[in-house]
Amino acid sequence: MKNRWLSVSLVALLVCATGAWAQEIFGTITGNVLDSTGAAIPGAKVTVKSMDKGLVVREVVSGPDGFYAVPKLAIGRYSLTIEATGFKKVTISDIELNVAEIYRSDVTMHIGSIVETVTVEAAALQVETESAIAGTLISGALVRELSLNNRNYQQLVSLSPGVSYGGGDQLKSTDIAKAIIQAHPNLKGFFGANEGSIIGVLNAAKELNMAGKLVIIGYDAGKQQKDAIRSGLEAGAITQDPIGIGYKCVEAAVKAMKGESVPKNIDTGFKWYDKSNIDDPDIAPLLYD
């Protein structure tokens with residue numbers, strides 16, 4: 001029960017998280033078109049070309065304030081061509097756009113013939129100024145090439161600045177949680193993404209006398225976690241629905257054997273449980289010890 005299917009775990013987590021944010025799989029290129037004095041150039045034509053496909057994928061026009069935005073672009077390499085009457089054409093090449101990235105490219109145009117072209121190479125690295133979200137991109141090359149214990153891709157999160165990975169190990173997770181609590185005295189809560197991690201958080205909260213001072217949310221079940229919820233140390237947890245998993249699997253298999261279409265993604269359900277409903281008949285059978 002502890003090692004249920006990863007795909008089902010992701011479905012449950014994503015369903016739970018939809019109220020907080022939407023998963024973004026595209027990128028955006030945005031910026032301002034200005035003249036050499038810094039004044040806005042409205043009506044400039046911005047052409048976006050995919051360097052991977054060799055095709056023009058979008059054309060937009062800068063607004064009255066010179067601002068342009070090209071959202072919903074697939075990840076990849078792009079070039080921009082900016083044209084405005086009375087100004088030299090500007091081409092910006094080798095823009096590397098990643099998932100959920102807002103790539104800002106402000107353009108300064110100089111007076112001249114539109115047949116003249118100024119070519120600029122895109123900056124290789126940008127400081128994120130368009131969003132308050134902090135994130136790290138882990139490329140497919142890193143996933144393929146780095147040596148990982150048991151090929152567990154979750155270890156890659158430790159490559160992100162400020163991220164510590166407990167790997168589901170209770171002792172390691174306890175040390176990490178204690179270090180986080182001590183470094184952030186105003187910390188309000190914790191979410192443990194698996195049983196081992198949440199037990200580490202519970203251990204840290206007890207050892208540092210933080211019971212009742214942190215909102216602790218867990219995942220899955222287990223005796224220690226259930227006891228913590230009953231005692232009030234843990235606010236509650238999310239559990240998968242093993243009955244739903246089995247039912248949906250059999251249902252999908254039968255449909256496939258009959259030649260019927262099967263959805264690419266199947267929601268097998270999840271449950272939130274806390275002190276008030278942990279013993280309810282529709283919750284209790286889903287929780288292992």
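The values are calculated or read from the model by the stated rules, or taken from the named source; none is laboratory data. Just so we're clear, the structure is a prediction, and the values are computed from it rather than from any experiment. So basically every Cβ, Gly included, is an ideal-geometry build from the backbone, and we count neighbours across all protein chains shown.
Here are the numbers for this structure:
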| quantity | calculated |
| --- | --- |
| Checking residue 126 against (1) modelled with pLDDT under 70; (2) assigned to a strand (DSSP E or B); (3) under 20 Å from the mean Cα position of the chain (by Cα), the condition it does not meet | (2) |
| Qualifying positions in segment 254-271 - more than 31 Å from the chain's Cα centre (by Cα) and of a type in the set (A, V, I, L, M) | 254, 256, 257 |
| Members of segment 228-243 that are assigned to a helix (DSSP H, G or I) and either in contact (Cβ under 8 Å) with a residue 40 or more places away in the chain or surrounded by fewer than 18 Cβ atoms within 10 Å (Cβ to Cβ) (or both) | 229, 230, 231, 242, 243 |
| Sole residue being outside any helix (DSSP H, G or I), at pLDDT below 70, within 18 Å of the chain's Cα centre (by Cα) and among the hydroxyl-bearing types (Ser, Thr, Tyr), chosen from 158, 147, 164 | 164 |
| Residue match in segment 71-86 (condition: aromatic (Phe, Trp, Tyr), at pLDDT 90 or above and within 17 Å of residue 34 (Cβ to Cβ)) | no |
| Filtered residue count, segment 90-120, keeping only those that are more than 16 Å from residue 52 (Cα to Cα), of a type in the set (Ser, Thr, Tyr) and in a strand (DSSP E or B) | 5 |
| Which numbered condition residue 47 misses (of (1) modelled with pLDDT of 95 or more; (2) outside the structural domain of residue 117 (by TED's automatic domain parsing); (3) not charged (D, E, K, R)) | (2) |
| Inter-residue pairs, beta-carbon under 8 Å, first over 27 Å from residue 232 (Cβ atoms) and in segment 261-289, second polar (S, T, N, Q), 6+ apart | 268/240 |
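Yes/no per residue for (1) in a helix (DSSP H, G or I); (2) in contact (Cβ under 8 Å) with a residue 60 or more places away in the chain; (3) touching a strand residue (DSSP E or B) at 6+ places or on another chain (Cβ under 8 Å):
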site	(1), (2), (3)
200	yes, no, no
205	yes, no, yes
209	no, no, no
212	no, no, no
226	yes, yes, no
247	yes, no, no
250	yes, no, no
255	yes, no, no
